[in-house]
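Quick notes on the structure that follows.
The values are calculated or read from the model by the stated rules, or taken from the named source; none is laboratory data. As the structure is a prediction and not an experimental result, all values here were calculated from the model. Cβ placement follows ideal geometry from the backbone for every residue including glycine, while neighbour counts extend to all protein chains displayed.
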Amino acid sequence: MTSDVNKPIEKVVIVGRDIAVWLSANVLTRALAHTGLAIEVIELPSYLRPHDVVGGLPPLGGLHHLIGLDEHELLKAVSGAYSLGQRFVNFAGPRPPFFHAYGSHGAPIGKTPFSQHYIRARHGGLNVAFEDFSLAASAAKYGRFFTSDATLSAFHPSQYAYHLKAAPYVRSLKANALKQGVKFTQARDFAVRRDHEGGRVVGLTLSDNRYVEGDVFIDATGEEGRLIGGGMESWAGWFPDNRVLTAAAETSASPPAYSQVVALQGSVLHMLPLQDMTGLIHAYHDEDMSDQQALEFAAVAANLPLKGQATAGALKVGRRRKAWDGNVIALGEAACVFNPISNVALHALHLGLVHLVSLFPLDKACESEAQEYNRLMQEAYEGLRDFQICHFKLNRNLDQTYWDGARAMPIPERLQQKIDLFSACGRVPMFDGESFEEEDWLAIFFGHGLLPQVWDRVVERTSQDEVITQFRQMLAFIREKVEGMASHEAFIEIYAAGNFA
Amino acid sequence: MKTPPHVVIAGGGTAGWMCAAALSSVLGPDLCRVTLIESSGIGTVGVGEATLPHIKEFNSYIGIDEAEFMKRTNATFKLGIEFVDWNKPGDSYIHPFGTFGQAFAGTQFIHHWIKGRKGGYAAPLEAYSYAIMAARARRFEFPDDDPDSVRSTYAYAYHFDASQYAAVLRAHAEAHGVRRLDDKILDVQTDANGGRIESLQLEKNGVVKGDLFLDCSGFRSLLAGQALHGGWEDWSSWLPCNHAWAVPCESGEPLTAYTRATAREAGWQWRIQLQHRVGNGYVFSDAFIDPQTALDHLLRRLEGKPMAEPKLLTFKTGRRSRAWNGNCISVGLASGFLEPLESTSIYLIQVAINHLIQLFPHAGMDARLSAEFNRRVDLEYDRVRDFLILHYHANAREGELWAYARNMQTPDSLKEIMERFRRRGYVRKYREGLFADPSWLAILVGQGVMPEGYDRTADNPGEDRMRAWLSDLERRIAVNVEAMPDHADFVRDYCASPILAEATS
């Protein structure tokens, strides 16, 4: 039998819908179309509703730049708003909310990191929140927005992300891909044809009976993973929710430059402001409330008038055991479904694409690439997941069944190692493939109220007076910088305002 | 105020004195009291004369002046390691402390290079490494600060006299309050369970109690091994060398700015050139050659007159299962042994010290701290292990040892690395630890593992553009290297030891 495994890859077929399909089309076209690779998109009917909103993490801006999507034009088109981080509300009874801001906190003193000096100072009576040493958190809190410049270098470049309305975002991505000459077909549905051994996909028969062949297939069909098959590893045991409701509310008077996560009695509400509306994503357990109740609770908690319709559906968090199987690579929800508590799903898609480009199969014998890709993506997906679990695990809402349960949940070993080491000495073990950095973990550990009992006592070689002076200087620097910043609203007005009348 | 914890270091030598100097200067007397016990009657191994660039950070961290320390240790600069005859007789390649080329149009250099080799227009890999070209030309200067300059694309380390380095560290440590006892450890007292060390019984100074014990006693591992019976992972089936003859000789070559490792019938020979002599050694496995024959070969191959009696060292490759066990941390050879093929001994000591300082048990022993310490240290050892095995495994040499190494089962982690590199020049990136991708690239290509394919994105720029870019890069490196000072001149002007100064005056 002759083998064609060493034949080069000539054509990739991207099949699916919405963001996953069009972001993949953009990235693969930019990276590979000039190398003679044919790319064809099969677009399935959208699942998106007018109230669907998506949040990114800071690296998204770089990706858009790479695929040639102008940020200001995009934000105009999608009613986008900037984000400097996330604000967590009611995660610890009556204690004030806290920020997980994108960026750093304080500056090192001597040879030890700021966080160690901070722990010591807290034990010495300092009553200033960790986030107050973050330029981004302070700007967000006061309704300001900024992009980095040289005068801020002492605090490292702060970074920003944005919130986008999903349906127009897809339109922008699609237009951008088509501008680059991507070939695409719309189809209501399709059937999969596999080779004799039943393993590799050889082609798709579309609902109009057209047959599309390919060497490699990208499955961007969403949760059901129509091509990829194989099993999902459920993450249900790590999270207390199994249902999600999506709705839209009016904007607040001045949309904040952050997304807000609110712990309700028995659920979590994520609010993502846009220019002309606020996206609401409410996650809960179906034994605790009906969908109707979920909508009512969300409206009350958001304290904003609802607009348009709401939709509810099952939330089945988990990871495809093999995101790359044979000649099919699953991206987006076909590969991994996250809890909606934070904006990691789009970032996970971004990572999936980056690794796919760097491991893009040379020929049909791509088992070695598949193994490496699956290992990298497992690390990446689990790293993002653990960051989410941490918010549930560290809540301090006592005597509330939902939250007591979340505190009692078992957690993955790596997360336990992080919490343990932080509790022991204020440092965080970091593993390969993680997207969130030590800074992010510090922000949420301090934010959720953990305070290590012990610090790196090397910090004591700096006198207390010197530390106080430096802390004051940092706070003064932040105050001065924030006062000089434009408001988030003004920023949107100048750079991103669309016309949504 | 509570008295600070008492750290007792068992053993002088490089490991013991590096620990003492770092703890005393970084933590200081308010945070720990340090006692070091060494016996002037027991010799130190001191084969670690070649280092990695990280040593610079260590020295500046604890406040050691570079030129001064180089003078005192007869040090020279090091830009990498030359491997002679490793793939097959007649071959030579250098593992540089530096990069190969740079990414272009979003694609890593390696892929442009593979494509260029296939197309017949790219030069051999080393032409694109500034560090290698400088080393080959025996030149040296400090790297440029401007990240856009090709002169910034390398780092450097040192060759030095390890016993003199220990002396420098000792002076530094004693100035920072370290108490040194010249004594012999007769016995180690553990608690009832045998899981913690309580004190050491010394010949002259009686009983020394401590809170934390650092086992720097070398291969003997008096504390972690003999007293606590800590487990040991044996790696000798992958790295079968178990002996080394070491002998210094007079220099017969102009001053080289690199270490040389030459493959031999049953192991390899090192050459480390200092200002006043050349350190040599034959690392071998006695399963493949008898020690006397190995010594005869070594002496016959010296470039100059021997300057001391040859010393035979015996070792077993592997690492301690738990470097931090109870209240005892093994550092240096007591913690693990990996042959000095990639000059990692001092680096691994340094890693243990950095992690110890970050995870120091200020509030007493804590299993969370030791678990993290062991995780980090294990990761380093395991990666160095794979990297060393690669040098042996991928070879086209004749001889029993080499046939054995070629045919042995390697760890899966290494198998995957080789397979992916051979397929498409892929090297996985790690968050931390040795070795970064240029190192893997140097050894893989050097050992004859040539990639068959490359990332498709390398086809983006077009061949004409890549031809021009590659030849420009090669030219920039050559021109800049030409303008560098000679290594010997640089050493003479910057850090000549009294011996060198006298010899050249």
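At pLDDT 95 or above and either more than 30 Å from A:His488 (Cα to Cα) or out of contact with any Asp or Glu (no Cβ under 9 Å at 6 or more places or on another chain) (or both): does that describe A:Leu48? Steps first, please.
Working: at pLDDT 95 or above: yes; either more than 30 Å from A:His488 (Cα to Cα) or out of contact with any Asp or Glu (no Cβ under 9 Å at 6 or more places or on another chain) (or both): no.
No; evaluated as a whole, the condition is false for this residue.
In region B:76-111, how many residues are β-branched (Val, Ile, Thr) and farther than 21 Å from B:Ala50 by Cβ?
Within region B:76-111, the first condition is being β-branched (Val, Ile, Thr), and the residues that meet it are B:76, B:81, B:84, B:94, B:99, B:107, B:110.
Of the ones still in play, those that are also farther than 21 Å from B:Ala50 by Cβ are B:107, B:110.
The total comes to 2.
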Long-range neighbours under 7 Å by Cβ, at least six apart or interchain, first residue under 14 Å from B:Leu181 (Cβ atoms) within region B:201-225, second of a type in the set (D, E, K, R)
B:Gln201/B:Asp187; B:Leu202/B:Asp183; B:Leu202/B:Lys184; B:Glu203/B:Asp183; B:Glu203/B:Lys184; B:Lys204/B:Asp183; B:Asn205/B:Asp183; B:Lys209/B:Glu198
Having 3 or more residues that are within 18 Å of A:Leu23 (Cβ to Cβ) is the bar; report the helices (runs of 4 or more DSSP H) wholly within region A:40-155 that clear it.
A:59-66, A:71-77
Counting only residues that are in contact with a strand residue (DSSP E or B) (Cβ under 8 Å, 6 or more places away or on another chain) and away from chain A (no Cβ under 12 Å), which one in region B:455-475 is surrounded by the fewest Cβ atoms within 10 Å (Cβ to Cβ)?
B:Trp469
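Condition check: in contact with a strand residue (DSSP E or B) (Cβ under 9 Å, 6 or more places away or on another chain), within 14 Å of another protein chain (Cβ to nearest Cβ) and among the hydrophobic types (A, V, I, L, M, F, W, C). Does B:Leu401 satisfy that? Don't jump to the end; show me each part of the working.
Details: in contact with a strand residue (DSSP E or B) (Cβ under 9 Å, 6 or more places away or on another chain): yes; within 14 Å of another protein chain (Cβ to nearest Cβ): no; among the hydrophobic types (A, V, I, L, M, F, W, C): yes.
Criteria not met by B:Leu401.
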Checked region A:329-364 for anything under 17 Å from A:Leu66 (Cβ atoms) and either hydrophobic (A, V, I, L, M, F, W, C) or more than 14 Å from chain B (Cβ to nearest Cβ) (or both); matches are A:Leu331, A:Leu346, A:His347, A:Leu349, A:His350, A:Leu351, A:Gly352, A:Leu353, A:Val354, A:Leu356, A:Val357, A:Phe360
Mind listing whichever residues of region A:450-477 are over 33 Å from the mean Cα position of the chain (by Cα), among the β-branched types (Val, Ile, Thr) and either within 14 Å of chain B (Cβ to nearest Cβ) or assigned to a loop (DSSP other than H, G, I, E, B) (or both)?
A:Val458, A:Val459, A:Thr462
Any residue in region B:172-191 that's free of Cβ contacts under 8 Å to residues at least 40 places away in the same chain: show its pairings with residues that are hydroxyl-bearing (Ser, Thr, Tyr) at Cβ separation under 7 Å, as long as the two are six or more apart or on different chains.
B:Gln189/B:Ser199
Of the candidates B:Ala10, B:Ala15, the one satisfying the condition of being crowded, with 22+ Cβ neighbours inside 10 Å, under 19 Å from the mean Cα position of the chain (by Cα) and touching a residue at least 40 places away in the same chain (Cβ under 8 Å) is B:Ala15
Contact list, first residue from region A:104-129 and farther than 14 Å from A:Gly426 by Cβ, second anywhere and in a loop (DSSP other than H, G, I, E, B), beta-carbon distance below 6 Å, six or more apart or interchain, is A:Ser104/A:His156; A:Ile109/A:Thr462; A:Gly110/A:Thr462
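Yes or no, residue by residue, for (1) more than 14 Å from A:Ala92 (Cα to Cα); (2) away from chain B (no Cβ under 14 Å); (3) within 23 Å of the chain's Cα centre (by Cα); (4) crowded, with 20+ Cβ neighbours inside 10 Å:
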| position | (1), (2), (3), (4) |
| --- | --- |
| A:Phe392 | no, yes, yes, yes |
| A:Arg396 | no, yes, no, no |
| A:Tyr402 | no, yes, no, yes |
| A:Ala406 | no, yes, yes, yes |
| A:Glu413 | yes, no, yes, no |
| A:Lys418 | yes, no, yes, yes |
| A:Phe431 | yes, no, yes, no |
Find the residue count for region B:108-148, including only residues that are surrounded by 17 or more Cβ atoms within 10 Å (Cβ to Cβ), part of a loop (DSSP other than H, G, I, E, B) and among the hydroxyl-bearing types (Ser, Thr, Tyr).
1
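With the condition kept exactly as written, say whether any residue in region B:405-415 is of a type in the set (Asp, Glu) and part of a helix (DSSP H, G or I). Talk me through it step by step, then tell me what you get.
Step one: filter region B:405-415 for residues of a type in the set (Asp, Glu), giving B:412.
Add one more test, that the residue is part of a helix (DSSP H, G or I), and what stays is B:412.
For region B:405-415, residues of a type in the set (Asp, Glu) and part of a helix (DSSP H, G or I): present.
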Determine whether B:Arg151 is surrounded by 15 or more Cβ atoms within 10 Å (Cβ to Cβ) and assigned to a strand (DSSP E or B).
no
